[in-house]
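Peer 1: Can you read through this structure? Questions will come right after.
The values are calculated or read from the model by the stated rules, or taken from the named source; none is laboratory data. Small disclaimer: the values here were computed from a predicted structure and weren't measured. Reconstructed Cβ throughout: ideal geometry from the backbone, glycine too, with neighbour counts over all protein chains shown. Keep in mind that these areas ignore ligands, DNA and RNA; they rest on the heavy atoms of the full protein, side chains included. Shrake-Rupley method; radii C 1.70, N 1.55, O 1.52, S 1.80 Å.
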Amino acid sequence: MSEHRELVNAYIQMVEERCELGFEGSLLTFMFKDMKGSEASQKERMIKEVDRIFRLLLTRFIKRPEKTPLMQMPFFLGCVDWPVHKNVRKAIGGIANNDGMHFGGIYMLPPVTRTAMNLEDVVARTNREIMRSGMLTHIHVKPMLKTPRKAAGYALKSVDRFRIGSAEILILPRHHSEIQR
């Protein structure tokens, strides 16, 4: 097995372990308005925006994130993605912004949070703050219904297809010092 595949499997295992601990997962898709600049600069802005939204949502679920152990905090795993066109007709009517590039991932909530609401409800309630930057067209939240392995594999499909490198996978939180930014 290649080093690349081993790393992807390790990330998938992180998702599976959290599910075993009672975490509830949701698939998130962040759709962005058309951005100027190179693909690399677009990716960088997407990553910064996803990080901002993660931190915004984090405080809705955890009262004092800087004092909460990382394994008891929400967890995000994702990367940039592109649509897979099943046929030319769908491609013509498909996503036009940023050549279809968007950001997808899995947001996992720990079993104990400060609210009884699920991620979909919190995103809906926090939508004005999420959209405040003006970068997104919308954010789509879908409960993770498939097995954790399939869902994580889906979230990382751009890595599996060698469209991006494994270094471009975003995992949040990385450590406590980033939470306070």
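Peer 1: Which count do you get for residues in the stretch 116-146 that are open to solvent by 40 Å² or more (accessible area, probe 1.4 Å) and over 17 Å from the mean Cα position of the chain (by Cα)?
Peer 2: Result for the stretch 116-146: 7.
Peer 1: Scanning the stretch 35-68 for residues that are assigned to a loop (DSSP other than H, G, I, E, B) and either within 20 Å of ARG163 (Cβ to Cβ) or free of Cβ contacts under 8 Å to residues at least 12 places away in the same chain (or both), which turns out most open to solvent (accessible area, probe 1.4 Å)?
Peer 2: Step by step, filter the stretch 35-68, then rank; the result is LYS36.
Peer 1: More than 16 Å from the chain's Cα centre (by Cα) and of a type in the set (A, V, I, L, M): is that true of LEU56 in this structure?
Peer 2: no
Peer 1: Output the qualifying pairs, or none if there are none: Cβ atoms under 9 angstrom, residues six or more apart or on different chains, first residue in the stretch 1-20 and part of a helix (DSSP H, G or I), second residue among the aromatic types (Phe, Trp, Tyr) and open to solvent by 50 Å² or more (accessible area, probe 1.4 Å).
Peer 2: HIS4/PHE162
Peer 1: What is the residue count in the stretch 127-144 for residues that are in contact (Cβ under 8 Å) with a residue 24 or more places away in the chain, part of a loop (DSSP other than H, G, I, E, B) and more than 11 Å from MET31 (Cα to Cα)?
Peer 2: So the answer is 3.
Peer 1: Something else: Scan ILE53, ILE47, ILE106, ILE12 and give me the residue that is at pLDDT 95 or above, among the hydrophobic types (A, V, I, L, M, F, W, C) and under 19 Å from PRO148 (Cα atoms).
Peer 2: Exactly one residue qualifies, and that residue is ILE106.
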